[in-house]
Amino acid sequence: MNIFMERAIEEALKAKKKAEVPIGAVVVKNGVVVGKGYNKREKTKSAINHAEIIAIKKACRKLKDWRLEDCEMYVTLKPCPMCAGAIANARIKKVYYGADEKTAGDNLCEKIFESTRLNHKVEMENLEEYSEVCSRLLTDFFKSHRGK
């Protein structure tokens, strides 16, 4: 069991209760959660309020720095291109994710993390033991919201 992925799942469940797409993220430094977030696009009517962005903002505020070099992120879904860019620019060391993005077979996240345009590279690892639970959260959410 990974306590930080469990915390990310808790964040995703908060989103689900508020009729937001259930994605959660936590930023961790030296074994301590310094930022957490869940999707708030519907509530805020803002396209950029993804779980990862919110968690990064909170971590930056708490650490009083935009550089999160010694931090790791745990997120329930593999990051989208916008979030991958934010993660790389925040200089997060490593991202652990639960579910693969089913519609993105182009490896764009990896391309962003490995881009020669950025002076920081991000490691990424799929925590496969969480793939099913994280995928199920999303599948169930979208099934229940079809036709509404």
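Put simply, the C-alpha atoms of the chain give a gyration tensor, and the ellipsoid matching it has half-axes of 23, 17, 15 Å, longest first. When we measure straight from the Cα of Lys45, which lysines land under 20 angstrom away, once same-chain ones fewer than 8 places off are left out? Straight-line reach from Lys45, under 20 Å: Lys14, Lys16, Lys17, Lys18, Lys36, Lys57, Lys58, Lys148. Rolling a 1.4 angstrom probe over region 58-100 with all protein chains present gives an accessible area of which 47% lies on carbon and sulfur atoms. Among Phe113, Phe142, Phe4, the order of accessible area from largest down is Phe142, Phe4, Phe113, computed with a 1.4 Å probe on protein heavy atoms. For region 18-85 versus region 91-147, the spacing of their alpha-carbon centroids is 13 Å. Before I look further, what does the chain give for accessible area per residue, probe 1.4 Å, in whole square angstrom? Heavy-atom SASA per residue in the chain reads 56 Å².
Computed with a 1.4 Å probe over protein heavy atoms only, the accessible area of Lys14 comes to about 80 Å².
The translational diffusion coefficient of region 68-148, from Stokes-Einstein at 4 °C and 1.567 mPa s with a Kirkwood hydrodynamic radius over alpha carbon pairs, comes to 97 µm²/s.
The values are calculated or read from the model by the stated rules, or taken from the named source; none is laboratory data. What you are looking at is a predicted structure, and each value in this text was computed from that prediction instead of being measured. The accessibility values were calculated without ligands, DNA or RNA, using every heavy atom of the protein model including side chains. Shrake-Rupley method; radii C 1.70, N 1.55, O 1.52, S 1.80 Å.
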